[in-house]
Amino acid sequence: MKNTVTTFLQAKQEGKKLSMLTAYDYSTAKLINDSGVNAILVGDSLGNVILGYEDTVSVTMEDMIHHGRAVSKGAKDALLVIDMPFMSYQTSVYDAVKNAGRLMKEGRANAVKLEGGRKICPQVEAVVSAGIPVMGHLGLTPQSINALGGHKVQGKTEQSARQLIDDALALEKAGAFAVVLECVPASLAEFISKKLTVPTIGIGAGAGCDGQVLVYQDMLGMFSDYVPKFVKQFANVGEIMAKAFADYDSEVKSGAFPTEDKSYSIDEAVMDKIKADFAD
Ligand code: KIV
């Protein structure tokens with residue numbers, strides 16, 4: 001059955017945990033969808049794990065639409081959330097509604113995710129009013145990496161913790177149906193989760209959140225440029241892939257691959273005739 005924003009709100013009311021993973025292509029989305037995960041996020045982390053950028057700031061609307069559309073084909077049951085990229089909503093309420101609309105119409109999103117708190121609440125309200133569900137994102141917000149001064153845990157001081165709480169409450173009031181909390185101390189994330197009536201989805205925010213999200217390359221050991229402390233590797237697929245690629249390389253070079261059972265045949269009489277015709 002299709003997961004919707006109602007599924008998310010119901011899970012919160014019933015105290016059921018929610019799961020979300022990122023995906024950027026059709027075949028991965030299908031595998032994740034069929035595993036029963038509630039939501040698939042086409043994160044702008046695609047800038048890091050797919051496009052090889054150092055950060056997410058260069059990711060474009062076209063990137064998000066291109067990958068979102070591919071993932072939508074595989075996300076039959078999972079709620080499809082697509083990130084609004086840097087500068088697609090910070091600039092104005094008009095830009096936010098227009099670009100959220102594009103992610104829905106062209107990328108086939110069921111919901112969009114925006115980074116930021118009170119400052120972007122006018123955008124959140126307008127996008128929600130346009131009939132587009134919004135997931136908020138607080139704490140470490142990678143699009144602001146230059147302003148934050150790096151990948152740092154957020155909300156560790158009294159002042160910044162209070163600001164995070166205010167931002168979360170403001171997002172809920174503006175109409176967000178869920179809020180991602182990234183790199184936030186566990187007890188603060190738990191406190192925020194208890195204060196909100198909408199679910200929190202944690203990433204590096206402890207077990208007190210209403211759900212969890214991870215980048216799939218991180219949890220499968222496929223991305224080694226930077227592995228945050230909060231990542232649990234559920235399988236070392238990266239190692240399996242590296243071995244398979246090396247085996248393929250050596251079998252091609254030694255002639256061990258392809259074998260006859262991986263090849264197609266033709267009637268030998270036909271081949272004999274062709275060879276005779278081509279004979280000098
Ligand atoms: O872009 C992304 O993958 C994200 C998650 C880390 C929450 O925003």
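The values are calculated or read from the model by the stated rules, or taken from the named source; none is laboratory data. Every value quoted in this text rests on a predicted model; they were computed, and no experiment measured them. As a convention, Cβ positions derive from the backbone with ideal geometry for all residues, glycine included, and neighbour counts pool all protein chains shown. Calculation scope for accessible area: heavy atoms of the full protein, side chains included, ligands and nucleic acids excluded. Shrake-Rupley method; radii C 1.70, N 1.55, O 1.52, S 1.80 Å.
Note on the chain: GNM, Cα springs under 10 Å; of 237, 112, 215, the largest mean-square fluctuation is that of 237.
Rounded, prolate or oblate, given the Cα gyration tensor of segment 189-280, with a/c below 1.5 counting as rounded? Judged from the Cα gyration tensor, segment 189-280 comes out prolate (a/c at least 1.5, a/b above b/c). Structure remark: mean-square fluctuation, Gaussian network model of the chain, C-alpha springs under 10 Å; the largest value among 172, 62, 251 belongs to 251.
Expressed as a whole percent, the accessible area of the chain that falls on carbon and sulfur atoms is 56 (1.4 Å probe).
Volume per residue of the convex hull around the Cα atoms, evaluated for the chain, comes out as 184 Å³. Counting only protein heavy atoms and using a 1.4 Å probe, the accessible area of residue 50 comes to about 70 Å². Here's the picture: charge each Lys and Arg Cβ at +1 and each Asp and Glu Cβ at -1 in the chain, and of 136, 159, 56 the one pushed furthest to the positive end of that dipole is 159.
Rounded to the nearest whole Hz, the Karplus-based 3J(HN,Hα) values (6.51 cos²θ - 1.76 cosθ + 1.60, θ = phi - 60°) of segment 176-193 follow the sequence 4, 8, 6, 9, 7, 10, 10, 6, 10, x, 4, 5, 5, 4, 5, 4, 4, 4, with x at glycine and proline. Taking every DSSP helix (H) stretch of at least 4 residues in the chain, weighting each as -39,500 (n - 2.57) and dividing the sum by the residue count yields a mean residue ellipticity at 222 nm of -13000 deg cm²/dmol. Taking all protein chains together and a 1.4 Å probe, the residues 66, 137 rank 66, 137 from largest to smallest accessible area.
Charge dipole (Cα centre; +1 on Lys/Arg Cβ, -1 on Asp/Glu Cβ; no other charges) of segment 94-208 amounts to roughly 140 debye. Working from label points 7 Å from Cα in the Cα-to-Cβ sense, the residue 270 to residue 235 distance is 4.0 nm.
Packing, as the average of other Cβ atoms within 10 Å across residues, places the peptides 4-13, 118-127 in the order 118-127, 4-13, highest first. Taken about its Cα centre, segment 156-280 carries a charge dipole of about 980 debye when Lys and Arg each add +1 at the Cβ and Asp and Glu each add -1 at the Cβ. For the chain, the relative contact order comes to 15 percent (Cα pairs under 8 Å, sequence separation of at least 6).
3J(HN,Hα) couplings calculated from phi for segment 146-155 with the Karplus curve 6.51 cos²θ - 1.76 cosθ + 1.60 (θ = phi - 60°) are, in sequence order, 5, 6, 7, x, x, 7, 10, 5, 9, x Hz; Gly and Pro show x. When the C-alpha to C-alpha distance is required to be over 22 Å, the pairs from 2/229; 173/195; 30/262 that qualify are 2/229; 30/262.
A straight line joining the Cα centroids of segment 56-83 and segment 234-271 runs 33 Å.
Ordering 214, 244, 256 by the projection of their Cα atoms onto the charge dipole of segment 195-280, which places +1 on the Cβ of Lys and Arg and -1 on the Cβ of Asp and Glu, puts 214 at the extreme positive end.
Mean sequence separation of contacting Cα pairs (under 8 Å, at least six apart), scaled by the length of segment 1-142, corresponds to a relative contact order of 21 percent. Bridge orientation summary for the chain: considering DSSP beta bridges with both residues in this region, about 5 percent are antiparallel. Share of pairwise Cα-Cα distances greater than 18 Å in segment 109-199 is 40 percent (whole percent).
Relative contact order of segment 17-83: 44 percent, from C-alpha pairs under 8 Å at least 6 residues apart in sequence.
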